[in-house]
1. Decide, for the stretch 17-169, between rounded, prolate and oblate: order the square roots of the alpha carbon gyration tensor eigenvalues as a ≥ b ≥ c, take rounded if a/c falls under 1.5, and otherwise choose prolate if a/b is larger than b/c, else oblate.
2. Compute the separation of the alpha-carbon centres of the stretch 149-164 and the stretch 117-131 and state it in Å as a whole number.
3. In Å, what Rg and Dmax follow from the Cα atoms of the chain?
4. Which of the three applies to the stretch 162-246, rounded, prolate or oblate, going by the alpha-carbon gyration tensor with a ≥ b ≥ c and a/c under 1.5 meaning rounded?
5. Taking the Cα centroid of the stretch 656-689 and of the stretch 570-637, what is the distance between the two, rounded to the nearest whole Å?
6. Roughly speaking, what is the stretch gain from Leu327 to Arg649, that is 0.36 nm per residue apart minus the C-alpha to C-alpha distance, in nm to one decimal?
7. Put +1 on the Cβ of each Lys and Arg and -1 on the Cβ of each Asp and Glu in the chain; which of His470, Gln364, Leu386 then has its Cα farthest toward the positive end of the dipole?
8. In the stretch 610-692, what % of DSSP beta bridges are antiparallel (nearest 5)?
Amino acid sequence: MKPEAKHSNHLIHEKSPYLQQHAHNPVNWHPWGKPAFDLAEKRDVPVFLSIGYSTCHWCHVMEQECFEDTEIAEVLNKDFVCVKVDREERPDIDAVYMRVCQLMTGSGGWPLTIIMTPGKVPFFAGTYIPKNGRYGRTGLLQLLPRITEMWTHNRDSILATAAKLQTALSFQPDTSGKVPGKDAVTACYQQLAKLYDSQYGGFGSYPKFPTPHQLFFLFRHWKLTGGGQSRDMALQTLEKMEMGGIRDHLDGGFHRYSTDREWLVPHFEKMLYDQALLAIAYLEAWQISGKTRFQNTMDGILSYVSKRLTSPAGGFYSAEDADSEGLEGTFYLWSTKEVRKIVGEETASLILSYFNMKENGNFQEPDNRGSGNNILYTTPGSENQLKRKFEKHPELEKRFHSAIEKLKKARAARPRPFRDDKILCDWNGWMISAYSRAHMATGNADYLKTARNAADFILNNMWTEETLYHRYIGNERAIPGFLDDYASLVQGLLDLYEADYDVKWLENAVKLARIMVKRFHDPKSDGFYNTSGKKTLLFRQKDAFDSAIPSGNSVAFHVFARLGELTGNVEFSRLAETTSQAFSKNIGQYPTGFCYMLSGICTILTGPAELVAVSKKTVTDTRHNLNSLRRLFLPTLSVLAVSPGNTERIAALAPFTKGLTPLKGKLTYYLCRNFACAAPTTRLDQVLRPLRN
């Protein structure tokens, strides 16, 4: 007898791993598109929109509880047209309807649940909804019939609510303000200082998210003002995170966020963008403090990404799930009994003590699966205790590291969390930046190779002459790119150019920047729209508010300011200035929401510097000679490398380099800062002195 065929809905032909996860739900899901909304119009029913992503724990919970339930499916299929969206594939749709949810409920998150008219105008918003009501939440079985009743008998009220909401959603940045300056920078610092948790690092109470762009701002505020408190807040935060359970102490990398104040219990998914931003943050912490623990943490992040999130073709995958074997965090948890069995009784005491493991478990489990599970984390006390043991008994160090390898091997044999293998352009841009900057600081050739491979993959597979694509999976590129894709890739290419000095990276960065202006810039009110072309959603969004990653407008501000310095093109500099001005009023109202843009303002206030290194030899020789400079934290510095093989190409991009020649045939440095140029020199120490000051 043949096995019963598995039910499939309209998602069955979609490439997104998240949509594929729902392709066999009894809910008759449709992908976002005209056919779904035409069907809702024809049937005269509302649209039930559900937005999530493949590694979202609560998205899985709602699927298992509601969307795999035949009773719920029957109601949804009868009274609604149901649409599923992968927020990582379509950040434009997610951004619009997340703003709806925040306006209607005061908060947001995923899974995001929206009910709207066939004309895409919402009238209900929420996040996770259980099947039946509990803990003060209305259940889906109770909510859906009420919506249907109102749609049938009181539609005028629904449409009036939808119309009011659509009016509230119209937003245009106020461009009447001045370019943000020191007052905005000071206000941002003061707000962060007020929110700072002096005991555990981070900002606020809990949950705590790793928000590296806040730390980027603090490091640059320190560089601008010399005030050590901003630097120390950032360093302590990174140190506490590195010790906490939010970090994977065996294979490197960081989980999405901590559910508690102490950074102990995370939500266990691992996102590519977190790895990229945190690798940069730990790199900068190492450059500033000289502490090798920060470099080791950065190396651990990049090692994890290379092993688990790098495709054979060079692009970077999106994420690893929180769940395995049907439960969150199972892959990462340990019992003391298991540790003893793997490493042996004699060595187990070292491991259990160092990672603060307890017989009955070292944290309260939210799903009440029983006691005995431990999250690996360290404390200053456990680290110092281990160090003293090594000093007293040197042979223990070898045993300890051998035990760690055994734990890694044992964990690798467990069922691994699901990996989302779609390749997203904007997140890849950030990861290219991380590997490029890590190479600059460490000289690690593998880091440069990884960054080159990723950039080549994106440029060869996700970019045509005029269009950059957002997503690549299964040998298919799709979804024309958004502002974030262009801005983040340009930023990555600029970092790669300064790591590699191959002029092709700079040439492609300039080409993409010009396309970005053409597609996204608002010539009337300045700033950049998130999407290109005509309005296809409720409104064409334009904002600079940072979320889990810096906003597209903030990144655009950085890249145009930097391109202005590198090329001497005043139009690029003007775009940076007017972009920051477009959001000046919003920055004044809530400066900590714009930390990445304000980190760039700090750089401008500190005084940008540009170095042109002119050589008679190859750019490889220039890279080698600049090693001592590249290891320093110099966020205000941009570097061009001119050599016989690229003189004309560099001059085409940066005409001011014409006529710059090496003195007496030696590598020569031309340094300009604070609108003045120093005399050329062949001595790097003469360049470093003013930059350090």
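Just so you know, all these numbers are worked out from the coordinates, no wet-lab data involved. Here the structure is a predicted model, which means the values were calculated and not measured. Every residue, glycine among them, receives a Cβ derived from its backbone with ideal geometry; neighbour counts consider all protein chains shown.
1. Values: a/c = 1.26, a/b = 1.18, b/c = 1.07.
It is rounded, given that a/c, with a ≥ b ≥ c, falls under 1.5.
2. Measuring centre to centre over Cα atoms gives 13 Å.
3. Rg and Dmax of the chain, Cα atoms, are 26.4, 88 Å.
4. On the way: a/c = 3.18, a/b = 1.46, b/c = 2.18.
Oblate shape, in that a/c is at least 1.5 and b/c is the bigger or equal ratio.
5. 19 Å
6. Details: separation 322, 0.36 × 322 = 115.92 nm, distance 5.51 nm.
Contour length minus Cα-Cα distance gives 110.4 nm.
7. Going by the charge dipole, the pick is Leu386.
8. Values: 8 of 13 bridges.
If I count the DSSP bridges inside the stretch 610-692, around 60 percent turn out antiparallel.
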